[in-house]
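Take a look at the structure set out below.
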Amino acid sequence: PYEVLIVGGGPAGAAAAVYAARKGIRTGVAAERFGGQVNDTMAIENYISVLETDGPKFAAALEAHVKAYEVDIMNLQRAEALIPAASEGGLIEIKLANGGSLKSRSVILSTGARWRNVGVPGEQEYKNKGVAYCPHCDGPLFKGKRVAVIGGGNSGVEAAIDLAGIVAHVTLIEFGDALRADAVLVSKLKSLPNVSIHVSAQTTELTGAEGKLNGLNYTDRVSGQAHRVELEGVFVQIGLVPNTEWLKGVVELSKHGEIIVDARGQTSLPGVFAAGDATTVPFKQIVIAAGDGAKAALSAFDYLVRLPVV
Ligand code: FAD
């Protein structure tokens, strides 16, 4: 069995693996896709000390760093169930989709999250070519340009306010008949001179030419009329879904499905820690996930050294 088994190989899992291995304890990482979301990222300009890199390069660097230590990397392995230890301090079991199972004295869950897609033509085609999901990451790429934000909940309205300070113009598109964000955010948004808001607006297509996004088509759900907005960027803000479906009923999750952790990354189950985008830790960013992974590994180590000697 492992002493620390990490499920998920994104920035959080990789950092956890390096920190655990440096304690000289038997460490394994099982990941569906090593590198995680960064594989889908183009420019990364906010990982402190790395002025600029791209996703695939960053993912390769994560893997190289983990491989510099004695860590069992089990890539292309999806975890399907967590079976708590029979008694405190006992072995925790992770069942894999391939039928296998792994046992460990402590587990770090770092399965990340995925952005909900709008699911209209053009979205996949222009992903990273104008279609973006993370305003903190990609906002500055659209400096002085026109963008739309799809989604009028808190994250969409926050994104629109944030972007309005950087870009030339923001069009906010909301499917429902009203913005669903907190009133204070909505009134802030409405006070901004370079923002237009469309409610009851159903996005029908993201269009482009020569490999670049150039506009968004939507239908007014009240009048049935079709409209077009010319722009250079679209931020999709209709939800970030944590990859925690398989943990329901086993560890405590928030109403958004995030693993509830305390300041040390401890979950509701003894010996089980969590880190990164899959958790309730606010602000989903690489640098935050990495710091969180380090913290969870140190917490797991702390847990292990306190287990009674058997
Ligand atoms: P993830 O990166 O999501 O990794 C999760 C890991 O768990 C993966 O290895 C996955 O395969 C694995 N996994 C999931 N479910 C299972 C399972 N059941 N069994 C086994 N393994 C599983 N952040 C920035 O700071 N700067 C940026 O410029 C930036 N740009 C971004 C651009 C895009 C397009 C996207 C999508 C995100 C961007 N982010 C950026 C956000 C950043 O990528 C995430 O905050 C970060 O990757 C979270 O790390 P994580 O380790 O928590 O999760």
Q: State which residue pairs qualify: first residue closer than 10 Å to Leu185 by Cα and free of Cβ contacts under 8 Å to residues at least 60 places away in the same chain and inside the range 140-168, second residue among the charged types (D, E, K, R) and in a helix (DSSP H, G or I) in any location, beta carbons under 6 Å apart, and separation of 6 or more residues or different chains.
A: Ile161/Lys188
Q | Any chance Thr267 is over 30 Å from Ala201 (Cα atoms), crowded, with 18+ Cβ neighbours inside 10 Å, touching a Pro at 6+ places or on another chain (Cβ under 9 Å) and of a type in the set (Val, Ile, Thr) | A | no
**Q.** Given (1) within 16 Å of the ligand (Cβ to nearest atom); (2) in a helix (DSSP H, G or I), number of the condition Ile166 does not satisfy
**A.** (2)
Q. Which residues, counting only those in the range 16-33, are surrounded by 23 or more Cβ atoms within 10 Å (Cβ to Cβ), among the hydrophobic types (A, V, I, L, M, F, W, C) and more than 15 Å from Ala278 (Cα to Cα)?
A. Ala17, Ala20, Val29, Ala30
(Q) If Glu93 meets every condition in (1) surrounded by 15 or more Cβ atoms within 10 Å (Cβ to Cβ); (2) within 12 Å of the ligand (Cβ to nearest atom); (3) charged (D, E, K, R) apart from one, which number is that one? (A) (2)
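Hey, could you check the range 31-44 for residues that are part of a helix (DSSP H, G or I) and within 6 Å of the ligand (Cβ to nearest atom) and say which is nearest to the chain's Cα centre (by Cα)?
First, pick out the residues of the range 31-44 that are part of a helix (DSSP H, G or I): 36-40.
Still in the running and within 6 Å of the ligand (Cβ to nearest atom): 36-38, 40.
Details: Gly36: 9, Gln37: 7, Val38: 9, Asp40: 11 Å.
If we take residues in the range 31-44 being part of a helix (DSSP H, G or I) and within 6 Å of the ligand (Cβ to nearest atom), then Gln37 is nearest to the chain's Cα centre (by Cα).
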Q) Give me the pairs: first residue in the range 235-259 and at negative phi and acidic (Asp, Glu), second residue modelled with pLDDT of 95 or more and more than 13 Å from the ligand (Cβ to nearest atom), beta-carbon distance under 9 Å, and six or more apart or on different chains, which are they? A) Glu252/Ile260; Glu252/Thr267; Glu252/Ser268; Glu252/Leu269
Q. When only residues in the range 119-139 that are among the hydrophobic types (A, V, I, L, M, F, W, C) and in contact with a strand residue (DSSP E or B) (Cβ under 7 Å, 6 or more places away or on another chain) count, which is farthest from Asn154 (Cα to Cα)?
A. Val120
Q: Please work out which one of (1) among the aliphatic types (A, V, I, L, M); (2) within 26 Å of Glu125 (Cβ to Cβ); (3) exposed (fewer than 14 other Cβ atoms within 10 Å of the Cβ) is the condition Ile48 fails and give its number.
A: (2)
Q. When you go through Gly28, Gly13, Gly9 one by one, which is the residue that is touching a strand residue (DSSP E or B) at 6+ places or on another chain (Cβ under 7 Å) and part of a helix (DSSP H, G or I)?
A. Gly13
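Among the residues of the range 100-122, count how many are over 18 Å from the mean Cα position of the chain (by Cα) and over 28 Å from Ala15 (Cα atoms).
First, pick out the residues of the range 100-122 that are over 18 Å from the mean Cα position of the chain (by Cα): 100-107, 119-122.
After this cut, where a residue has to be over 28 Å from Ala15 (Cα atoms) as well, the list is 119-122.
So the answer is 4.
The values are calculated or read from the model by the stated rules, or taken from the named source; none is laboratory data. Quick caveat: nothing in here was measured; it's all calculated off a predicted structure. Neighbour counts run over all protein chains shown; Cβ positions are idealised from the backbone, glycine included.
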